[in-house]
Amino acid sequence: MSFRVGSGHDTHRLAEGRPLILGGVRIDHARGLVGHSDADVVLHAVTDALLGAAGLGDIGDLFPDTDPRYAGADSRIFLADALSRLNLLGWRVVNLDVTIFAQEPKLGPVKAAIKASLAELLGLHTDAVSVKAKTGERVGHIGRGEALGCHAVVLIEKSGTTHEPEASATDSNGIHLTS
Ligand code: MG
């Protein structure tokens, strides 16, 4: 069994006239996040954590914000695409830990819904998903309510035979080599 860890981080600006979608959950709030896609800062951080764990680049490599196909896109498609890429390589998600940074709105009432959504999107039991919320302590772009941020950490595992290099080998003389 081999394990890899990945981390992802994202920030989006808050503005009026935009929907607020966090972790695939539409949240009732006067302002929402600005971006080329639906600007789901949570799903973007989680997608980057998945891609990072598997060494597959970042969300901007796969889904450029200059590509008109992704204008207004539901960010669940980014997560699903990244997950299928990992699964094709034999990786399975073990657990996910997410921290959302928001001065507003208060996330306490919606944390459980975001956690359930992330668990469903990743095919995990809710016990394997953690969603934490922090304010910006009223300083900086988060604390002034100008933006929301998200940090995500994911662990992935792969079992059975892999196509990765062997940790050790035997040379032509039968001498055991250790790399
Ligand atoms: Mg983003």
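Each reported figure results from applying straightforward, stated rules to the coordinates on display, with no laboratory input. Model, not experiment: these values are computed from the prediction. Don't worry about glycine lacking a Cβ; one is built from the backbone with ideal geometry, like all the others, and counts go over all protein chains shown.
Summary table below
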{"quantity": "Enumeration of residues in the stretch 65-82 that are away from the ligand (no atom under 14 Å from the Cβ) and of a type in the set (A, V, I, L, M)", "calculated": "A80"}
{"quantity": "Cross-chain or 6+ apart pairs with Cβ under 6 Å, the stretch 31-53 first and in contact (Cβ under 8 Å) with a residue 60 or more places away in the chain and under 17 Å from A80 (Cβ atoms), then in a helix (DSSP H, G or I) and of a type in the set (V, I, T)", "calculated": "H44/I59; D48/I59"}
{"quantity": "One residue from R18, R76 being touching a Gly at 6+ places or on another chain (Cβ under 7 Å) and within 16 Å of P105 (Cβ to Cβ)", "calculated": "R18"}
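Yes/no matrix, rows are residues, columns are (1) farther than 29 Å from M1 by Cβ; (2) over 13 Å from the mean Cα position of the chain (by Cα):
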{"position": "A82", "(1), (2)": "no, no"}
{"position": "W91", "(1), (2)": "no, yes"}
{"position": "V94", "(1), (2)": "no, yes"}
{"position": "T99", "(1), (2)": "no, no"}
{"position": "T126", "(1), (2)": "no, yes"}
{"position": "S130", "(1), (2)": "no, no"}
{"position": "A133", "(1), (2)": "yes, yes"}
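Here's the yes/no breakdown for (1) within 30 Å of V139 (Cβ to Cβ); (2) within 16 Å of the ligand (Cβ to nearest atom):
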{"site": "H29", "(1), (2)": "yes, no"}
{"site": "D40", "(1), (2)": "yes, yes"}
{"site": "D61", "(1), (2)": "no, yes"}
{"site": "S84", "(1), (2)": "no, no"}
{"site": "N87", "(1), (2)": "no, no"}
{"site": "V94", "(1), (2)": "no, no"}
{"site": "V98", "(1), (2)": "yes, yes"}
{"site": "L107", "(1), (2)": "yes, no"}
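Conditions (1) in contact with a Pro (Cβ under 8 Å, 6 or more places away or on another chain); (2) basic (K, R); (3) buried (at least 23 other Cβ atoms within 10 Å of the Cβ); (4) closer than 24 Å to H125 by Cβ, marked per residue:
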| residue | (1), (2), (3), (4) |
| --- | --- |
| M1 | no, no, no, yes |
| R13 | no, yes, no, no |
| H29 | yes, no, no, no |
| G35 | no, no, no, no |
| A53 | no, no, yes, yes |
| L62 | no, no, no, no |
| L79 | no, no, yes, yes |
| V93 | no, no, no, yes |
| E104 | no, no, no, no |
